[in-house]
Amino acid sequence: MAISGQIDGIIAARNRLIEMLINAANEAQKSGKLAAVALPEVTLERPQNADHGDYASSFPLKLARTARANPMAIAAELVKIMQPGCDIADIAVAPPGFINFTLRTSWLTSQVNSILAAGPNYGNSDKGKGSSIQLEFVSANPTGPLHVGNGRGAILGSALAAVFTAAGYRVEQEYYVNDAGTQVMTFYRSLYARYQQALNVDISMPADGYQGAYMLDLAKEIISEEGDRFLKMPEAEGLKGIGQIGIHKMLAWIRQDLEMLRVKFDVWFSEESLYKNGLYEKVSGMLRKSGYMTEREGATWFVSTALGDDKDNVVVRGDGSPTYFASDIAYHYDKFVQRKFDKVIDIWGCDHQGHVSRMKAVVNALGVDPKRLEVLLYQLVTLCRGTEIVRLSKRSGDMITLREVVEEVGADACRFFFLSRSADSQMEFDLELAKKQSQDNPVYYCQYAHARISSILKLAKDKSIDYQKGDVSLLTSEAELVLIRKLLRLSEIIEIIVETSAPHHLTYYAQDLANGFHSFYKQCRVVTEDQAVTCARLKLVESTRVVLSRTLELMGITSPEKM
């Protein structure tokens, strides 16, 4: 059974092995060697021990439960039917009932040419088939600068966008601007107070106001541009005027912070627009008509319990002010019904955990399958310098902003470190480690591998070595084959991330790939007196550059040619 090579690569190889297992089971059932029972799902895993082959399947173990047969006997019967072909070196039975597959060396080495042919598109697929995904992330209130936690959400979202795009989805990245509600009014009042104080007006800050040093800086900036004209207006007019300018400036700061981190959004969606264009009233009317919105205790409630939630939720308070849940109801109607996204992924901080079930209930009430809404919650970030936790900004004396962290360690380190743990794990961000130029720093280690590759390829160019027709079948040493196997994993990593929405796999893969290259480099001299071996190894080096650069690109990290 030949495995598709140059075009389809390792994903097609793996899928073909699954097909072989299913066909073998069907044949065994037809011949009476296996009970005619429903076949369980067939999966393949990468064995931890490389001696066990490239893939292993527990299919016989699963099948043994319903077929009431010995899993080793089932495995042996299936292996008899599945004969190794020109692309499979070996199919073997392993206790207590696994089937191990080893790919032929000639097929593995041929994939070096496949990688070079694909170039920057290596790892891409049409898995998504053009279906649309909206990723909404960061969406911090424009009432203050972004903090480190916002940075984690930003990198999580932008990396997922890159991976989903590579997998053939149409992705739209969106920032939901909370420019309505009580927090915005509190910002207006806080800024107006700081503005007046800076102009020597004796006035106190609101008790619930935003106290950060940035508010005074913002007030002074507005004074330098606008003077004292807001003092000459009626208070309500001055409050609104300065507040709107303040929100506009805060959004500009947020955009700059995100651009420093290489995060860009396709859409900046205004919460206020949901009320101005009447969408909130329309959706509320629909839910009220269908019995999911009711009035009691002087407030308006969404009847979440009718859809399986453990309690009903307030939409409009007794004083007539809508909760942020009210906005989210209309906002998700806009996402699913008006803009017709096939899937929506909201990325929120862990403090929004209680909001997830009611949003699922709302989506259900709107006639949308709740499975089309995925909510990722990310945990807190603790900044430290070695063993010392860092709590306050040296610059302002209060919270440490995302911008300060990016300025200190750089965007590459920020992106790598923020991605280095699964979203549901709390993480410590070691600022000193992120700045180290040593193998201890994982991003430096990966980038150094790319720089070393670039220097080898430059040496080949300086020596006028044309390796384009190099014979990759000469790549037979253990170090070379280990590296090739690592290169082929990128397609699988992308597929795993699409299925799990967990881009931290990229950081582990990048380190593993860099380690594989450094190991190869130590064991195999690339430019030698043997021209044929030199050309073959240069092809392997260039294919490693393609895959490592692609991996770093998916994380939004640069691939330096010099370090």
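The values are calculated or read from the model by the stated rules, or taken from the named source; none is laboratory data. None of these values were measured; they are calculated from a predicted model. Neighbour counts run over all protein chains shown; Cβ positions are idealised from the backbone, glycine included.
Need the failing condition index for S425 against (1) polar (S, T, N, Q); (2) crowded, with 19+ Cβ neighbours inside 10 Å; (3) under 18 Å from the mean Cα position of the chain (by Cα), just the number.
Of (1) polar (S, T, N, Q); (2) crowded, with 19+ Cβ neighbours inside 10 Å; (3) under 18 Å from the mean Cα position of the chain (by Cα), only one is false for S425: (2).
Quickly run through region 25-35 and pick out the residues that are under 15 Å from A64 (Cβ atoms) and of a type outside the set (S, T, N, Q). Quick ask: steps written out before the conclusion?
Narrowing region 25-35 to residues under 15 Å from A64 (Cβ atoms): 25, 28-29, 33-35.
Those that are under 15 Å from A64 (Cβ atoms) and of a type outside the set (S, T, N, Q): A25, A28, K33, L34, A35.
Checking L554 against (1) of a type outside the set (G, A, S); (2) within 16 Å of K461 (Cα to Cα); (3) out of contact with any Lys or Arg (no Cβ under 9 Å at 6 or more places or on another chain), which test does it fail?
Against the list (1) of a type outside the set (G, A, S); (2) within 16 Å of K461 (Cα to Cα); (3) out of contact with any Lys or Arg (no Cβ under 9 Å at 6 or more places or on another chain), L554 comes up short only on (2).
In region 6-14, is there at least one residue being without any contact (Cβ under 8 Å) to a residue 60 or more places away in the chain, among the basic types (K, R) and not assigned by TED's automatic domain parsing to the domain that holds A536?
Going through region 6-14, the residues without any contact (Cβ under 8 Å) to a residue 60 or more places away in the chain turn out to be 8, 12.
Imposing the further condition that a residue be among the basic types (K, R) reduces the set to none.
Taking every residue of region 6-14 in turn, none turns out to be without any contact (Cβ under 8 Å) to a residue 60 or more places away in the chain, among the basic types (K, R) and not assigned by TED's automatic domain parsing to the domain that holds A536.
Across region 14-44, what is the total count of residues that are surrounded by fewer than 16 Cβ atoms within 10 Å (Cβ to Cβ), under 40 Å from the mean Cα position of the chain (by Cα) and in a helix (DSSP H, G or I)?
Qualifying residue count for the region: 5.
Which of the residues spanning region 162-212 are under 27 Å from the mean Cα position of the chain (by Cα) and modelled with pLDDT under 95? Even if it seems obvious, please write down each step before you answer.
Taking region 162-212 and keeping what is under 27 Å from the mean Cα position of the chain (by Cα), we get 162-179.
N178, D179 - these are the residues of region 162-212 that are under 27 Å from the mean Cα position of the chain (by Cα) and modelled with pLDDT under 95.
Looking at region 45-66, which of its residues are in contact with a strand residue (DSSP E or B) (Cβ under 8 Å, 6 or more places away or on another chain) and either outside the structural domain of E77 (by TED's automatic domain parsing) or assigned to a loop (DSSP other than H, G, I, E, B) (or both)? Write out each step before concluding.
Taking region 45-66 as the starting set, the residues that turn out to be in contact with a strand residue (DSSP E or B) (Cβ under 8 Å, 6 or more places away or on another chain) are 45-47, 52-61.
Residues satisfying the conditions are R46, P47, G53, D54, S58.
Restricting the search to region 215-230, which residues are farther than 18 Å from M185 by Cβ and either surrounded by fewer than 14 Cβ atoms within 10 Å (Cβ to Cβ) or of a type outside the set (V, I, T) (or both)? Give the derivation first.
Residues of region 215-230 that are farther than 18 Å from M185 by Cβ, as a first pass: 216-217, 220-221, 223-229.
Selection gives L216, D217, K220, E221, S224, E225, E226, G227, D228, R229.
Test L279 against the criterion of being under 33 Å from the mean Cα position of the chain (by Cα), in the same structural domain as R339 (by TED's automatic domain parsing) and buried (at least 17 other Cβ atoms within 10 Å of the Cβ), and give yes or no.
Details: under 33 Å from the mean Cα position of the chain (by Cα): yes; in the same structural domain as R339 (by TED's automatic domain parsing): yes; buried (at least 17 other Cβ atoms within 10 Å of the Cβ): yes.
The answer is yes for L279.
Residues are listed down the side, and each one gets a yes or a no for (1) of a type in the set (A, V, I, L, M); (2) closer than 16 Å to S284 by Cβ:
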residue: Y333; (1), (2): no, yes
residue: Q338; (1), (2): no, yes
residue: D346; (1), (2): no, no
residue: G354; (1), (2): no, no
residue: V362; (1), (2): yes, yes
residue: L376; (1), (2): yes, no
residue: T382; (1), (2): no, no
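Select, from S110, S57, the only residue that is within 15 Å of L21 (Cα to Cα) and surrounded by 15 or more Cβ atoms within 10 Å (Cβ to Cβ). Please lay out each step first, then the result.
Details: S110 fails: within 15 Å of L21 (Cα to Cα).
When all the criteria are applied, what remains is S57.
Considering only residues that are in contact with a Lys or Arg (Cβ under 6 Å, 6 or more places away or on another chain) and in a helix (DSSP H, G or I), which ones fall in region 142-201? Don't jump to the end; show me each part of the working.
Initially, region 142-201 is screened for residues in contact with a Lys or Arg (Cβ under 6 Å, 6 or more places away or on another chain), giving 155, 167-168, 198.
Hits for region 142-201 are I155, A198.
So for region 306-322 (the condition being modelled with pLDDT under 95 and part of a helix (DSSP H, G or I)), does at least one residue qualify? Give the steps one after another, and end with the answer.
Initially, region 306-322 is screened for residues modelled with pLDDT under 95, giving 306-322.
Checking which are part of a helix (DSSP H, G or I) leaves us with 306-307.
Yes, that holds for at least one residue.
Within region 400-417, identify whether any single residue is at pLDDT below 95 and not in a helix (DSSP H, G or I), and answer yes or no.
Scanning region 400-417, I find at least one residue that is at pLDDT below 95 and not in a helix (DSSP H, G or I), so the answer is yes.
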